[in-house]
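So the structure is just underneath, and the comments pick up after that.
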Amino acid sequence: MRLPKITSLYGRIFAIFWFTMCLVILAVLALPHFDPRKPRDIPPPYYERMLEVRDRAERVFATEQSIESVLHHLEAWSHRGGDNRLRLFITDLDGNVITTDRRPDFSYKALRNFVTTIDNPQNPQQRLYGRTMISGPLPVRLAKGDYFLYVGTRWSEPPHFLIQLFDHPLRLLLAVMLVSTPLLLWLAWALSQPARRLEKAAQRVAQGVFEIDPELEKGTSEFRQAGASFNQMVEAVNMMISRQQRLLSDISHELRSPLTRLRMAQALARRKLGESSDLTRIDTEAQRLEQMIGKLLELSSMQVDSHLNRQAQPLSSLCGELLEDSQFEAEQMGKVLSVSTIPECFIVCHPELLMSALENVIRNAIHYGEHQIRVSLDAKADALLIQVEDDGEGVPDDELDSIFRPFYRVSTARDRHSGGTGLGLAITENAIRQHQGSVHAARSALGGLLVEIRLPLHVK
């Protein structure tokens, strides 16, 4: 009959707990039976040997008239042939030890203790005293009298450490812990595996990878439910992000229709009324509005499903061409763009979105720099640090935190007459944030603006 499969986390913990407790209880109950200092039955082979020794003693000393004479012969006979492991002891029917030694050694003292606890010849037993194992009693006929025979042997088993465990409860507790620890470690590992899978899935979501994981829906019922809910949340986030980005794209497209009609009306008015400053102003603002819509369309087209289209790419192939084109563009404007060595590392990203963000920062530095632009890339541990700085006029310190806001215009000449839309750095900040990175601005050592980008690296 197959046992039902336990799928509940609490049921599994309860079952393994009781299984462990049963093992410990069985060990506690079984260990005393291995202690040779507890009275126990004599093994059959050893009992047969004792019977042979008793029968032999009865034959050898059958003609002896005095028990004292028998005792003298027993001591000599016990050690004959070099067998000094065997000793024979005699007691009367009342349990009194009969000996010729006026100063009994440890064996006789142990025998007296043994006789007081084991006195049934119908059920002989044995017990360990120090290094001496005493067995008996066996009825024996010596010197025309009835006595009990006890046999003492030199004991070399069990292992010494087992007796130490019985003598020291702390050591016994440590031994039980050593036996149970692997089982408890396995229990902790088995119970933590689903939690680790859920943790890794949450880390992937934090990195912008919104992918469902079927492995989360395996294991105990509690973790299956949590995994299913987590996958549903990822699907909902995917749908919400896609809808939001498509809405932005649709709005940008819809804004172009009235803008086109506005520019057509402005052209008709210019043809009818001729050139005027008002019409020129309208045309300028319409062009700026068209640039903004173009930037919004660019942003929305890159962001749609960008969180799904991630791939690990070497940094050299990712931004090498961009840096070469930027150097060429700077030369055409009579400026110098210096680039550090590109580190050999991999980065998980949406290539077009990330390169658009980096291009905005570099072109911004080229446009506002006076003579020198510097781009440095440095891989530290698990992060990539990109610094872009120029020697232009820079940005006031109180506006450094605001330049990444959409449509923000700097109060200085750096942005006053540039004709920019105020979306370039906002697009950069949004793209870097989507890649779990950070970007901030500071004053450059060259005198202009320093933009620092930090991105997580992919360990291959």
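Can you tell me which residue within the range 426-460, out of those that are of a type in the set (A, V, I, L, M) and under 20 Å from residue 393 (Cβ atoms), is surrounded by the fewest Cβ atoms within 10 Å (Cβ to Cβ)?
Restricting attention to the range 426-460, the residues satisfying the condition of being of a type in the set (A, V, I, L, M) are 426-427, 431-432, 439, 441-442, 445-446, 449-451, 453, 455, 457, 459.
The next check asks that each one be under 20 Å from residue 393 (Cβ atoms); those that pass are 441-442, 445-446, 449-451.
Values: 441: 22, 442: 15, 445: 10, 446: 19, 449: 26, 450: 20, 451: 26.
It comes out as 445.
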Which of (1) modelled with pLDDT of 85 or more; (2) farther than 20 Å from residue 378 by Cα; (3) among the polar types (S, T, N, Q) does residue 309 not meet, given it meets every other one?
(1)
Out of the range 77-114, which residues are at pLDDT 60 or above and among the hydroxyl-bearing types (Ser, Thr, Tyr)?
91, 99, 100, 107, 108
Which condition does residue 297 not pass, out of (1) over 28 Å from residue 456 (Cβ atoms); (2) at pLDDT 80 or above, if it passes all the others?
(2)
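In the range 266-296, how many residues are of a type in the set (Val, Ile, Thr) and in contact (Cβ under 8 Å) with a residue 12 or more places away in the chain? If you could, list the steps in order and put the result at the bottom.
Within the range 266-296, the first condition is being of a type in the set (Val, Ile, Thr), and the residues that meet it are 280, 282, 284, 293.
So of that shortlist, the ones also in contact (Cβ under 8 Å) with a residue 12 or more places away in the chain come out as 282, 293.
Matching residues across the range 266-296 total 2.
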Per-region count, the range 39-58, residues touching a residue at least 12 places away in the same chain (Cβ under 8 Å) and either outside the structural domain of residue 110 (by TED's automatic domain parsing) or outside any helix (DSSP H, G or I) (or both):
4
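The values are calculated or read from the model by the stated rules, or taken from the named source; none is laboratory data. Owing to the predicted nature of the structure, the values given are computational and were not obtained by experimental measurement. Cβ coordinates were reconstructed from backbone atoms using ideal geometry, including for glycine residues, and neighbour counts include every protein chain displayed.
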